[in-house]
Amino acid sequence: MVREPSSSALVAGLPARGAAKVVGPALAGVRLFVVHAPEDAWFVEGFLVPASGLSDDEVVISGEIEPGAPIVADIERAVLEPVTVVVVSPAFAASPWERIANRLADRVGLEAARHGSGAVIPAILADCDLPMLWRFRVPLDFRRREGGAWEVEAARLRERLAAPAPVAEAPVRCPYPGLRPFTADDAADLHGRDREVAELVRRLRERQRELVIVGPAGVGKSSLVAAGLIPRLAQSAELAGGPFAVAQMRPGGDPTGALVNALGATATQRSEAGRRWLGDAVSWLLGGRADHRLLIVIDQLEELFTLAEPDARAAFLAMLRLLRGDPRVVLLGILRAEHYASAMESALWTELDVPPSRLDVSLPRSAELRAAIEAPARAVGVHCEPALVERLLREVEVLPRALPLLQDTLQELWHYRTRGLICLAAYEAMTGGAGLAAAIVRRADIALGELPVERGDLARRVILRLVDLDAETCVPRRPQARTALAVAGVLQPEIDAVLHPLVERRLVTARQDAAGSERVALAHEVLLTAWPTLGAWIQTRRQDQQRHRMLEGRAAAWLAHGRGASHVLDAEELREARAWLATDEARELGAGDDVRRLLARSQTVLAAAAEADARHRRWRRWGGAALVALAGGVLAVSAVAVSATRSARDARDHARRLDDQLQQARRQARTDDEQASEVRRKAAAADEQSQTTRRLLARDYLARGRAQLTENQPARAVPYLLAAREAGVEDTALRMLFRWAARSVPVLAMAHRREITAVAWSPDARRVATASADGTARIWNAGDAQAVTPPLAHQAAVSLVAWSADGVRVATASADRTARIWDAASGQPATPPLAHGDAVTWVAWSADGTRVATASADRTARIWVAASGQPATPPLPHKGSVAMLAWSADGSRLATASADGTARITAGAWSPRAPIAPRGSGTPSPAGPRRRSPTGRPSPASRGAPTAAGSPPRAPTAPRGSGMPSPASRSRCWPTRARSPPSRGAPTAAGSPPPATIEPRGSGTPAAGPPRRSRTRSRSPRSHGAPTGAA
């Protein structure tokens, strides 16, 4: 028998969790013992223990004990009084605690039978094979999470423990900063950057005096220095070769003033000539200590090239040149990678013999990102579900500028935690499956929605003032003083009322600068790419700026050519210019006097040209009429003379010809009657033979269909049964065979959370795209109905989906005022959003796939460049909502239909032609015209009759890339038409499976239905599917 060790052995295995615990006899007060695998600690510490209603002193967790044989016996004795909960999962089955738990179950079961104390309860966290000792115990089932199922199971545990319901937890500090960068106060929450911080400390220890950190936007460069390097220098100065004083600055539009404020120079020092005060300012910051150095951190060094004027930049570089000569000063710049070339071409680099020491910073590695997610929450007693961490890691790896979005999402998730746990389900509920950017988009849209309607446009104008729209390669933030945000005709209190909800929702920051002025800026540059609404605003504003610059350029050219009648605007340009100058955007950008003089001169020139043209036309009409009258008089006199001479002769000749023609007509009538009789006889014989052949062929089709069903091939049987019905079979046997086939045809289902509004096949018929009112479109494999991409997410219902002709891209239209172009292979956006002012109602590809046309309820249609998402033309206006549009086959023209009672055709030069008034109403008919052959009868493609005995029929297909509306929330893919009544299709080869039939868009009829009887008696084998040979 194994000798049990003393209880002191167990004490050695118990590290502290909250207050220190002892084991053995002192465990009498413990009421709950939890055994779990280390991989399940997130569930135990994050939910189970907080939900038990017990204090820390009343709970022991196996994770606090190193499992091993020396302590097993003490555990067995200790758990005879408390309740033991064993968390069962696949990880637990592979851990050492599984063997210990089995011994506990065996021992506790025997002791409980003798003394009536103790209990072992399995808590099933995930499906796995239960040991025999656990299968006959009533478990706590935590496998189901929806509908508060975990809380129900926790209440059962509290009832067994006779424990009270947990009190409301005290507020816990959120360790995630969101969009703002980390500061020195957040040093304890910065994880995953130890490698970069150690490298910077090493370079400072080696006495390197100029360093630059280079990296793309959104990788945490500023946070690395503020919350990593600077706190490390304060804690362990000896690692960097001695103590440092730190001065931080951002250049902004006045880099010299920012540096002066960072150095804390007095007004007297600033007025000194020659900048001798710089040395005194450095000495004052160092406190006169010779062993100290001054670290000057220049954050967002790119502002020196994007915001500062050349004179301000030169003055700053002159001051920097003096600081470089001071051996006590170390310069550390933080620079975005896209501006690295500008820095290398400036005096920052060219005046140095040795270039600055460069440290490249990129996205943290997977393990470092995991630490950045889990460690801050764990430090305050909150855990992240492992599935959530894995999901976030996958999304960060594929999303540009992902770190700010990750921190913002974690900050939002903090408010959705359950007990001490942040779950994947909460993330999916918050984002709707749209990914990391969904949290910030949702918050931004809520902030705009909270504003009154009249302030929505004001918010747009204020936010655009915080963006540098003149940047050529990017659109950086442009901080502004609050007083500089004034909009023409708007008082400052109105501006403050708009800024307040934006600041509350952490979209905009308002901080005091060193000079005491309040500066307002976007919270982070990631808003420029993650928020579609802002992206659409920027795109529209840049179009307005482009139009403004075009008018200014035309005015300058007109002035350069003497202000005459040359280089003025034509009628169309004048109309567009006047319409644009009447908008708020034009008033905000401002139009110079030269532009207005150009418009006035253009109007004068056009009016003079119109008057001259009208005068010229009048003279031509009068002269032409006079010449016609004179010529008519001469011809009339001549004609009378000639006519009198010829009339008698012609009358005699005409009488003889009429007599000859009458005789010939009588003879021809007798011949025609004889030929007609022969034709009718032959036609009757041919018709009888055709009917006989048709009946034989129908019976053959019916027999082949029955044979395929007998061989359990319903998909192959259906076309033969359809062909038999088209050939004239209408009996009970055929209907029974149809019901037999319909019960066996497989159906593939593709589901959304809400109703599906449109469906479209890819050109190669291998994929199906669906659109739904749940705000997403999906791309499915038509073979197994599996999703091949992540959801294509919008912010509102998606109404239409359309494929490009090559099947590489998909376009979607949504009520969120945008259309989008997606990569059909990856599900990622291929271009920026195609923005409208109201819901997008239709989207269509041109035949060559280079352009996309969209229709919108904002009374316009638009044509876009499919490769870039940029507008190819100005908006095509209507007076009502544009409901539908269609490209011509060659892509040279576009037709639009509107609720204003007109349709319009836009030609290849993109100049609109005259409106076409539809008959009856101003909206397009939902059904397109039937295709017809040159003879006027329905074309063969619409009839689907068989083409040869026993061969599958040619089936009409829907236009490639078209979206077909569907009212259901589930889309079904039918391999054959077995679930619909038989239609006109028929096989074309003996034993060959037929293709699926898809009706064209707008046909108004289901894919399969009762056959239409042909009105044509004679059919060609190719065009109407008449038999060409024996089966």
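The values are calculated or read from the model by the stated rules, or taken from the named source; none is laboratory data. Being a predicted model, the structure only gives us computed values, none of them experimental. Note: ideal-geometry Cβ built from the backbone for every residue, glycine included; neighbour counts use all protein chains shown.
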**Report entry** Number of the exception - Asp299 against (1) touching a Pro at 6+ places or on another chain (Cβ under 9 Å); (2) at pLDDT below 90; (3) surrounded by 15 or more Cβ atoms within 10 Å (Cβ to Cβ); (4) not hydrophobic (A, V, I, L, M, F, W, C)
**Finding:** (2)
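From the list Ala600, Ala591, Ala607, Ala614, which one is in contact with a helix residue (DSSP H, G or I) (Cβ under 9 Å, 6 or more places away or on another chain) and within 30 Å of Trp558 (Cβ to Cβ)? Give the steps one after another, and end with the answer.
Working: Ala600 fails: in contact with a helix residue (DSSP H, G or I) (Cβ under 9 Å, 6 or more places away or on another chain); Ala607 fails: in contact with a helix residue (DSSP H, G or I) (Cβ under 9 Å, 6 or more places away or on another chain); Ala614 fails: in contact with a helix residue (DSSP H, G or I) (Cβ under 9 Å, 6 or more places away or on another chain).
Result: Ala591 is the single residue among Ala600, Ala591, Ala607, Ala614 that is in contact with a helix residue (DSSP H, G or I) (Cβ under 9 Å, 6 or more places away or on another chain) and within 30 Å of Trp558 (Cβ to Cβ).
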Requested in this report: Assess whether Arg618 counts as being surrounded by fewer than 11 Cβ atoms within 10 Å (Cβ to Cβ) and farther than 24 Å from Pro874 by Cβ.
Outcome: yes
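Would it be correct to say that Ser677 is under 60 Å from the mean Cα position of the chain (by Cα) and at pLDDT 75 or above? Steps first, please.
Details: under 60 Å from the mean Cα position of the chain (by Cα): no; at pLDDT 75 or above: yes.
Here the answer is no, as Ser677 does not meet what is asked.
Rundown of residues vs (1) surrounded by 20 or more Cβ atoms within 10 Å (Cβ to Cβ); (2) in a helix (DSSP H, G or I); (3) modelled with pLDDT of 85 or more, yes/no style:
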site	(1), (2), (3)
Met1	no, no, no
Val11	no, yes, no
Pro15	no, no, no
Ala28	no, yes, no
Val44	yes, yes, yes
Phe47	yes, yes, yes
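Would you mind finding the one in Ala793, Ala824, Ala802 that is crowded, with 23+ Cβ neighbours inside 10 Å, touching a residue at least 60 places away in the same chain (Cβ under 8 Å) and more than 26 Å from Ile905 (Cβ to Cβ)? I'd like the intermediate steps shown before the answer.
Working: Ala824 fails: crowded, with 23+ Cβ neighbours inside 10 Å; Ala802 fails: more than 26 Å from Ile905 (Cβ to Cβ).
Just a single option satisfies the conditions, and that option is Ala793.
Looking only at region 783-793, decide whether some residue is in contact with a helix residue (DSSP H, G or I) (Cβ under 9 Å, 6 or more places away or on another chain), in a strand (DSSP E or B) and in the same structural domain as Leu885 (by TED's automatic domain parsing).
Here is the first cut: in region 783-793, the ones in contact with a helix residue (DSSP H, G or I) (Cβ under 9 Å, 6 or more places away or on another chain) are 793.
When the remaining residues are screened for being in a strand (DSSP E or B), the result is 793.
In the following step, the residues that additionally are in the same structural domain as Leu885 (by TED's automatic domain parsing) were identified as 793.
Yes, region 783-793 contains a residue that is in contact with a helix residue (DSSP H, G or I) (Cβ under 9 Å, 6 or more places away or on another chain), in a strand (DSSP E or B) and in the same structural domain as Leu885 (by TED's automatic domain parsing).
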Report summary line: Phe316: passes all of (1) without any contact (Cβ under 8 Å) to a residue 60 or more places away in the chain; (2) buried (at least 17 other Cβ atoms within 10 Å of the Cβ); (3) not aliphatic (A, V, I, L, M) but (1)
Query - Hits in region 811-848 (condition: among the basic types (Lys, Arg) and either more than 20 Å from Thr540 (Cβ to Cβ) or over 10 Å from the mean Cα position of the chain (by Cα) (or both)) - result: Arg817
Report task. Given the conditions (1) touching an Asp or Glu at 6+ places or on another chain (Cβ under 8 Å); (2) under 24 Å from Ala434 (Cα atoms); (3) buried (at least 19 other Cβ atoms within 10 Å of the Cβ), report the number of the one that Glu412 does not fulfil. Result -> (1)
Query raised in the report: Quick one: how many residues across region 699-730 are touching a helix residue (DSSP H, G or I) at 6+ places or on another chain (Cβ under 9 Å), of a type in the set (D, E, K, R) and assigned to a loop (DSSP other than H, G, I, E, B)?
Result: 1
Query - Ala155 vs. criteria aliphatic (A, V, I, L, M), touching a residue at least 12 places away in the same chain (Cβ under 8 Å) and out of contact with any strand residue (DSSP E or B) (no Cβ under 7 Å at 6 or more places or on another chain) - result: no
